[in-house]
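Before we start, here is the structure in question, set down as structure tokens.
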Amino acid sequence: MSRLVLVIAAHADDEALGCAGTLARHAAAGDRVEILFLTDGVGARGSADAAALARRAMAERAAEILGAAPPTFLDFPDNEMDGLPLLRIVQGVEGWVAGRRPDVVYTHHLGDLNVDHRVAAAAALTCFRPQPGRAGPTILSFEVPSSTEWQAPGVAPVFMPNWFEDIGDFVGAKRRALEAYAEEMRPVPHARAIDSVMALAQWRGASVGVAAAEAFVLLRRIG
């Protein structure tokens, strides 16, 4: 049976870094994958509108590679979402979610160094808070190399995955999605280098006995 899978991410490229292989696996299984980005991902750099449009084009290309629907952008201020009332962000997410009944939601880890990631995760959890008479989705948080592992010990929850998706058949799709964001990638040995991200997928796979995997923390599941 086809399922509805939603991604709520702060910036275009977070989905490719964190769960591209899993999204490609969902799409291959016949699930509908929809992606919401909360910011343009470049505003904090003082970039012009042309840069934001270029980032959107990258996101659209990555979504196409993964078999996802064209993404949606809410245009909250990049790397400044902690300056906004959480209610405003939640209302924006709820407006997009309205009428949808997702089976699975992927979002950020609550302990990431990047503030937009933390706010996005909080907004997703608030939007999908349990309600009587309405089945809630399974909510999983992904890791974003160059943010999740950069948080200082003891400051926030550590990313300790308890859910793994085998992406052995979809590592090619993950690499191509990352290549769609070539301008955002960095050279080795940066954590955001494509080879570094693929090495992480290999390690996450090795830790559970498969060739490649993406790791998640289960935030909520109602059985």
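Mind running the shape call on region 1-72? Use the C-alpha gyration tensor, a ≥ b ≥ c as the square roots of the eigenvalues: rounded below 1.5 for a/c, prolate if a/b tops b/c, oblate otherwise. Write down the numbers at each step before the final one.
Values: a/c = 2.66, a/b = 2.38, b/c = 1.12.
Prolate, because a/c is 1.5 or more and a/b exceeds b/c.
Please grab the % of Cα pairs in the chain that end up more than 25 Å from each other. Intermediate values should be presented prior to the final figure.
On the way: 8275 of 24753 pairs.
Roughly 33 percent, rounded to a whole number.
Test of understanding: ordering Thr107, Thr39 by Cβ neighbours within 10 Å, fewest first, what list do you get?
Numbers: Thr107 31, Thr39 25.
In order of increasing Cβ crowding within 10 Å: Thr39, Thr107.
Can you list the residues of region 169-208 with backbone N under 15 Å from a point 7 Å past the Cα of Ala54, pointing along Cα to Cβ?
180-186
Over region 4-220, what is the percentage of antiparallel beta bridges among all DSSP beta bridges, to the nearest 5?
Numbers: 9 of 26 bridges.
The answer is about 35 percent antiparallel.
Still on this structure, I have one more. Loop-only trypsin sites (Lys or Arg not before Pro) in region 1-107, please: DSSP not H, G, I, E or B, and at most 12 other Cβ atoms within 10 Å. Please report the intermediate quantities before stating the final value.
Values: sites: Arg3, Arg25, Arg32, Arg45, Arg55, Arg56, Arg61, Arg88, Arg100; in loops: Arg3, Arg100.
Sites meeting the loop and neighbour criteria: Arg100.
Taking neighbour Cβ counts within 10 Å as the exposure measure, how do Leu200, Leu4 sort from fewest upward?
Details: Leu200 19, Leu4 16.
Sorted ascending by nearby Cβ count, the order is Leu4, Leu200.
Once Lys and Arg get +1 and Asp and Glu get -1 on their Cβ, which of Ile89, Ser196, Pro102 lies farthest toward the positive end of the dipole of region 4-220?
Among Ile89, Ser196, Pro102, the one farthest towards the positive end of the dipole of region 4-220 is Pro102.
Same structure, new question: For the pair Asp75 and Ala28, what calculated FRET efficiency results from E = 1/(1 + (r/R0)^6), where r is the Cβ-Cβ distance and R0 = 35 Å, to the nearest 0.05?
So the FRET efficiency works out to roughly 0.70.
While we're looking at this one, here's another question. Going by how many other Cβ atoms sit within 10 Å of their own, how do Tyr181, Tyr106 line up, fewest first?
Details: Tyr181 22, Tyr106 28.
Final ranking by Cβ density, sparse to dense: Tyr181, Tyr106.
Please work out the C-alpha center-to-center distance from region 120-136 to region 6-41 and express it in whole Å.
About 18 Å separates the Cα centre of region 120-136 from the one of region 6-41.
Please give the calculated 222 nm ellipticity per residue for the chain, where each DSSP H segment of at least 4 residues contributes -39500 (n - 2.57) and the sum is spread over every residue; nearest 500 deg cm²/dmol?
Numbers: 6 runs with 81 residues, N = 223.
It lands at -11500 deg cm²/dmol.
A further question follows. For the chain, what is the relative contact order in percent, using Cα pairs closer than 8 Å and at least 6 residues apart in sequence? Kindly include the intermediate steps, with their values, before the conclusion.
Details: 444 pairs, mean separation 53.3, N = 223.
After rounding, I find 24 percent.
For Met1 and Leu84, calculate 0.36 nm times their separation in residues minus their Cα-Cα distance, and state this gained length in nm to one decimal. Let's see the in-between values first.
Details: separation 83, 0.36 × 83 = 29.88 nm, distance 3.90 nm.
Taking Met1 through Leu84 to full extension adds about 26.0 nm, to one decimal.
How would region 138-211 be classified by its alpha-carbon gyration tensor: rounded, prolate or oblate, with rounded meaning a/c under 1.5 and the a/b versus b/c comparison settling the rest?
Working: a/c = 1.79, a/b = 1.12, b/c = 1.60.
Because a/c hits 1.5 or more and a/b fails to exceed b/c, region 138-211 counts as oblate.
Read-outs: derived from the displayed coordinates by stated rules, not from any lab. Remember, it's a predicted structure, so these values are computed and weren't measured experimentally. Cβ sites come from the backbone with ideal geometry, for glycine too, and all protein chains shown count toward neighbours.
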